[in-house]
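Asker: Quick one: the structure is below, and I'll ask about it shortly.
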Amino acid sequence: MKATHYIWLIVASLLLASCEWHLKPFEEDGTAEGYTLHRYDVVESRYLTTGDFSALQQMNTRYAMPTRVLIEDVLQLGTVDDAETNSRLLAFFQDSLLQTIVSDVEHIYTSTDDVEAHLQRAFARLAKLLPDSVAFSPPLLYTQIGALNQSIIVGEGILGISLDKYLGADYPAYQHFYTEHQRQTLTREYIVPDCMVFYLLSHYPLADFENRSQADRESHMGRIMYAANQLLDKPFFHTPHVEAAEEYAAKHRLNPIQLLTAE
């Protein structure tokens with residue numbers, strides 16, 4: 001398998017290469033065919049709490065790519081081809097805190113229908129903004145439990161959401177690992193905005209990121225957040241750089257996607 005790059009919730013992710021997009025039809029109600037949010041976390045949880053072999057089989061067949069990303073890139077437990085990796089994964093999650101988190105994810109996210117519906121609408125809006133020359137298809141959308149590692153994973157054809165990073169600002173375990181400011185973003189309402197920001201970042205990186213000034217980087221993030229706002233049900237991000245991006249787009253009559261490719 002070719003090496004795949006992933007982006008996490010850090011600005012350095014701007015360096016990721018974009019992926020090829022292909023056209024898929026959209027329904028009249030604005031949602032898209034194929035925009036199912038797969039509950040990989042449910043299958044993962046069953047294996048991690050009971051050692052259910054059938055769940056492991058599902059992880060390795062139906063969800064082969066999410067499993068590879070989880071094991072090799074998120075948790076860095078080895079390769080999925082290693083016969084001992086499954087045992088290491090199971091042993092890793094026997095930690096009492098992680099077992100509590102697995103249980104709490106199951107309880108808090110009994111349903112993700114609201115998240116799925118918001119993602120459907122956001123991607124439908126994105127598809128309508130793209131020029132006719134650009135074909136598009138949604139990535140594989142899925143939820144996982146990532147042991148408090150990366151929140152959003154974007155790679156070639158995938159977009160993963162670590163639900164254990166969105167258990168609420170007052171979630172007890174967060175008190176030990178995150179500042180009060182960070183905890184305010186670890187909530188359900190941030191899931192779709194985060195997804196759209198980092199999906200856009202993966203397709204519209206800032207050229208020559210490492211050599212650009214901080215001002216350039218912040219300006220680009222402002223454009224990304226402004227574009228994300230246009231894809232969401234309501235504006236979510238409010239910063240001076242977002243306002244500047246909105247003013248620039250209005251002045252030059254650019255839609256959000258045109259703005260991301262403008263100099």
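Asker: Working only within the stretch 222-245, note down all residues that are crowded, with 20+ Cβ neighbours inside 10 Å and farther than 16 Å from residue 198 by Cα.
Answerer: 245, the sole residue that qualifies.
Asker: So, in the stretch 128-139, of the ones that are over 21 Å from residue 39 (Cα atoms) and in contact with a helix residue (DSSP H, G or I) (Cβ under 8 Å, 6 or more places away or on another chain), which residue ends up surrounded by the fewest Cβ atoms within 10 Å (Cβ to Cβ)?
Answerer: This residue is 131.
Asker: When you look at residue 125, is it within 16 Å of the chain's Cα centre (by Cα), open to solvent by 40 Å² or more (accessible area, probe 1.4 Å) and farther than 22 Å from residue 59 by Cα, yes or no?
Answerer: No, not satisfied.
Asker: Hey, does the stretch 125-146 have a residue that's within 30 Å of residue 95 (Cα to Cα), acidic (Asp, Glu) and without any contact (Cβ under 8 Å) to a residue 60 or more places away in the chain?
Answerer: Checking the stretch 125-146: not a single residue is within 30 Å of residue 95 (Cα to Cα), acidic (Asp, Glu) and without any contact (Cβ under 8 Å) to a residue 60 or more places away in the chain.
Asker: Oh, and also: Look at residue 237 and say whether it is in contact (Cβ under 8 Å) with a residue 60 or more places away in the chain and aromatic (Phe, Trp, Tyr).
Answerer: no
Asker: Let me spell it out: the conditions are (1) touching a His at 6+ places or on another chain (Cβ under 7 Å); (2) in a loop (DSSP other than H, G, I, E, B), and residue 134 meets all of them except one. Which number is the exception?
Answerer: (1)
Asker: Still on this structure: Mind checking which helices (runs of 4 or more DSSP H) fall wholly inside the stretch 196-263 and carry at least 2 residues that are in contact with a helix residue (DSSP H, G or I) (Cβ under 7 Å, 6 or more places away or on another chain) and hydroxyl-bearing (Ser, Thr, Tyr)?
Answerer: Those helices (runs of 4 or more DSSP H) span 214-231.
The values are calculated or read from the model by the stated rules, or taken from the named source; none is laboratory data. If you're wondering where the values come from, they're calculated on a predicted model, not measured in any experiment. Neighbour counts run over all protein chains shown; Cβ positions are idealised from the backbone, glycine included. Remember, those area values only see protein heavy atoms, side chains included, never the ligands or the DNA or RNA. Shrake-Rupley method; radii C 1.70, N 1.55, O 1.52, S 1.80 Å.
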